[in-house]
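The values are calculated or read from the model by the stated rules, or taken from the named source; none is laboratory data. In this text the structure is predicted, and so the values were computed from the model without any measurement. With ideal geometry, Cβ positions are generated from the backbone for all residues, glycine too; neighbour counts draw on all protein chains shown.
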């Protein structure tokens, strides 16, 4: 696995939102891509994961890509793939890239399990105390997994935002809450008031794609029963 | 895995029809091979997939081969094997070959799942807008898998034709529709009016071979119960 | 895996009878070994397959060996092992050996599934048309697997004899029919009239060994329940 | 896998408490870390195990770390990970580290199965007879597994303390008993009278983290059903 | 895997008793170790098998070791591990060792399945006909597995003693019978009259260890449910 860059921004903030627990990371970065006029500056080149290509609004979505927002000097890593088993390798590549870019900061967005059954969505943070002033709660006792866990272990200065994911509630609510905090933290000035509604639309869009994908996979299995090999 | 060529056409159009979802790709390329007087110019050399040899009309069918139509300068990749797990490697070899041939274009033929239950077969396209004028619908939201997906990710100029595959309807109908569009797009001048009937015959032939293969495999399993090892 | 030879015959005909579908290949080559006064000239050296040693009439049977009939200049490959997963590697070694020996011809013996429920045993051929005159039917539509399939794909001049294997009927009948044709084709002058009875005895012998082996394996499993590791 | 050290103590005693059977090793070393004012001097760098990060009291707990108690010249290896399958490699790294440090002694803490159903917790020892005077029973007949087993086989001078683990009783009781003996053996002068209560608290803390982790994993599985790949 | 020797006897007879079918090999070599005042001269160094350490009479039993009886110039390979999957590698190392020692002979002890339901224990031999005069029956038709099989295939001069193992009867009876024949064959002058009783005691001891091990493994599984990773 490697990251191929067409452009190497200097001193950016890197935001990564890999899906490991819930779709919070994917939905949040997807929203940022669209609202911050991000441009595609690179992609992950991999042979380890099954080839899956998503087409959205008639355009190919790179399944694991590097985007850039020049006006804010922010790099956004966005993926729709399940990367389980390759977290260490991806982490290594992200840290390499951050060194090449001399990144100021890496921010990890992640879902975390909770048994809090209240309707209120809570966002926790790890790292920069400034995030607490902006409404995130300090994470006290928790188990983190996925690319965020490996980044946390290998990259000592990582800042994380964790959305407490409820099984029943849609991930878009948690994503909206994260965007609200990120907006203040990074001075993004995205209009986050209609966020919840938009986040829901994003979630629906992504879920439609995922459902279609699952159906495709199932049908493929049925059909391929008759294949050779 | 490697592609061994006896002949290297210059500036051809390459058509690939690997089976990943439905048999559309295999049936379509099979039909083209027979109707365009294609000659065998190469084969995939692999150790990764189980050895399976098909004999058709008394002749060995290379399970994964490169064919050439001199009159149209078209290269056709045809396979009867399930290549799941080797899509990236095959894609790499196809792109290498296309560079060596200085190919003008690569066209991918693929099935795609749909929940449209109407009787009408729809063909979608990705890439060259000319395909829309010829009757293909633009693909808006979709998930692509298989060699077409990896080609789409790695080969930026890919053109694709996707047949919406119905679980109930035979793949031959979708193949016929794809051939009709390909015929116009490439100026093949194949007599595609009796296509549907012929495509059905092709499908039956391939299915007979596949059923025989499945039976062989099952019998082999039963018999091999008593083998050592 | 490699073939270790004590002797390298020049310009022989090579007969291979690996078990892939039914025991036809093993029974036929076993019969030839005994009736043509073959001498052991080599063995396959492998670490990939489980070590299994068969003792027959008090002598160790090499599980995968190369035999030679000087009077007929015929090399016979005989094995009692299930080689599934190693067909390509074995094929490569056989082709290497055939080049070293400058072999005139390779003949593959194989079982093939059939749904013909008549009592008559049919033998099909692929390759040399002379086999048709000797009573073998041309194979029209079929799926071949195992070492014969990989040999067929890699070694263009291969001749094959396929016995249509009935699930109900013993393989020895099919083996007897193959020997009859081979006898004429190669001028072996084995007394093939009492073949059927002998082939049955061979089959019983091999099956006894295999049953004993299976029982050993089962017992071993039961006993090894209490092993460490 | 490798151990990265920021500091290399000279002639220390090394205590390892990897979880292999029960949590005795983890609970005991956790207790020692807190009561002996240990400082983090190194960590295991691994790609082989899934990335899992635990946050405790708002701080990242290195999942597999090397700690040091300067006042006692004791190095403590502490991990919360299941290292099954990597015992030999870890053992090699520990022995390498012990050579680099010119360690005086390695002490292994381990749980061991027992069918003794009495309420009394028994601690067994292997190695230094002095441990018997301090209340440990000599181990007579036993099967040891995990990192303690591989250390025992490769590091001839190993001393071990085994807590007989009852399925019903909490591991903290066994850990408390081990700490009592270790305290005398190493002259640690930890206040081990309130140990049992504290050990229970430790156990509860670790179990809470583990339960949360299990829940996270389960939820992740449920959620990831809809992921691609 | 390698064999590390502290001492290299010259021209010894090597006896191997790896468990593959039944515990006959382990029980027999265990008995010889104790009665012939064997000294430990080496051990197998492996990373491939799970680390398991057995403690017997308070001493660590090397799970896979090389012993030596100076008075008889006999080397004994003794193991309590299930080595399935590593037979070829172990065989290679044994043959290397035998060359280094310029061994006069290798004797393999093995269990073999049988459906003979008489109470009489039968011992079969392969190789040196002298074994027949001492009471072993020649093996006529059989399937051998495990290290004995790979040794038989790779080491042409191997002598084997096979005990026909009954599922119902204890392996110790078969071991006693093998020791009786070995005693005469090698002039060991062990007092083999009370053998049966002793062999039973050995079997009980080994079985106790194995049962304890199984229980430990089961308990470990139950306990480790709550581990991370």
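Would you say residue A:58 is at pLDDT below 90 and surrounded by fewer than 18 Cβ atoms within 10 Å (Cβ to Cβ)?
The answer is yes for residue A:58.
Determine whether residue E:60 is farther than 25 Å from residue E:145 by Cβ, more than 10 Å from the chain's Cα centre (by Cα) and in contact (Cβ under 8 Å) with a residue 40 or more places away in the chain. Don't jump to the end; show me each part of the working.
Values: farther than 25 Å from residue E:145 by Cβ: yes; more than 10 Å from the chain's Cα centre (by Cα): yes; in contact (Cβ under 8 Å) with a residue 40 or more places away in the chain: no.
In short, no.
Condition first: without any contact (Cβ under 8 Å) to a residue 40 or more places away in the chain and either within 14 Å of another protein chain (Cβ to nearest Cβ) or within 21 Å of residue C:152 (Cβ to Cβ) (or both). Now tell me which residues in the range B:1-41 satisfy that.
Correct list: B:6, B:39, B:40, B:41.
How many residues are at positive phi and under 18 Å from the mean Cα position of the chain (by Cα) if we restrict to the range E:130-185?
1
Which one of A:121, A:107 is away from chain D (no Cβ under 11 Å) and in a strand (DSSP E or B)?
Working: A:121 fails: in a strand (DSSP E or B).
After ruling out the rest, the residue left standing is A:107.
Looking only at the range C:182-191, decide whether some residue is assigned to a helix (DSSP H, G or I) and at pLDDT below 75. Even if it seems obvious, please write down each step before you answer.
Kept after step one, since they are assigned to a helix (DSSP H, G or I), are these residues of the range C:182-191: C:182-186.
Narrowing the set further to residues that are at pLDDT below 75 leaves none.
Within the range C:182-191 (the criterion being assigned to a helix (DSSP H, G or I) and at pLDDT below 75), the answer is no, since none of the residues qualifies.
Limited to the range A:44-55, what total is found for residues that are closer than 24 Å to residue B:159 by Cβ and surrounded by fewer than 18 Cβ atoms within 10 Å (Cβ to Cβ)?
Total satisfying the criteria: 2.
Among the listed residues A:25, A:85, which satisfies the condition of being more than 30 Å from residue B:129 (Cβ to Cβ) and buried (at least 20 other Cβ atoms within 10 Å of the Cβ)?
A:25
Does residue C:85 count as touching a strand residue (DSSP E or B) at 6+ places or on another chain (Cβ under 8 Å), without any contact (Cβ under 8 Å) to a residue 40 or more places away in the chain and over 25 Å from residue C:185 (Cα atoms)?
Details: touching a strand residue (DSSP E or B) at 6+ places or on another chain (Cβ under 8 Å): no; without any contact (Cβ under 8 Å) to a residue 40 or more places away in the chain: yes; over 25 Å from residue C:185 (Cα atoms): yes.
Here the answer is no, as residue C:85 does not meet what is asked.
Restricting to the range A:65-82, and then to whatever is within 14 Å of chain B (Cβ to nearest Cβ) and surrounded by fewer than 22 Cβ atoms within 10 Å (Cβ to Cβ), can you tell me which residue is nearest to residue A:147 (Cα to Cα)?
Among those residues, the one meeting the criterion is A:82.
So how many residues does the range C:52-61 have that are at the interface with chain E (Cβ under 7 Å from one of its Cβ atoms) and in contact with a strand residue (DSSP E or B) (Cβ under 7 Å, 6 or more places away or on another chain)?
Residues flagged as at the interface with chain E (Cβ under 7 Å from one of its Cβ atoms) and in contact with a strand residue (DSSP E or B) (Cβ under 7 Å, 6 or more places away or on another chain) within the range C:52-61 amount to 6.
Residues that are out of contact with any helix residue (DSSP H, G or I) (no Cβ under 7 Å at 6 or more places or on another chain): find the strands (runs of 3 or more DSSP E) completely inside the range A:10-85 holding 1 or more of those.
A:39-45, A:52-56, A:59-61, A:64-69, A:74-79
Could you check, for the range D:151-159, whether at least one of its residues is in a strand (DSSP E or B) and modelled with pLDDT of 95 or more?
Within the range D:151-159 (the criterion being in a strand (DSSP E or B) and modelled with pLDDT of 95 or more), the answer is yes, since at least one residue qualifies.
For the list (1) farther than 30 Å from residue C:164 by Cβ; (2) modelled with pLDDT of 95 or more; (3) crowded, with 22+ Cβ neighbours inside 10 Å, I need the number of the one condition that residue C:4 fails.
Exception for residue C:4: condition (3).
Among the residues of the range D:68-76, is there at least one that is out of contact with any strand residue (DSSP E or B) (no Cβ under 7 Å at 6 or more places or on another chain), touching a residue at least 12 places away in the same chain (Cβ under 8 Å) and closer than 19 Å to residue A:88 by Cα?
Looking through the range D:68-76, none of the residues is out of contact with any strand residue (DSSP E or B) (no Cβ under 7 Å at 6 or more places or on another chain), touching a residue at least 12 places away in the same chain (Cβ under 8 Å) and closer than 19 Å to residue A:88 by Cα.
Looking only at the range C:138-150, how many residues end up being over 13 Å from residue C:108 (Cα atoms), touching a strand residue (DSSP E or B) at 6+ places or on another chain (Cβ under 6 Å) and in a strand (DSSP E or B)?
2
So residue A:102 fits all but one of (1) at negative phi; (2) not in a strand (DSSP E or B); what number is the exception?
Here residue A:102 clears every test but (1).
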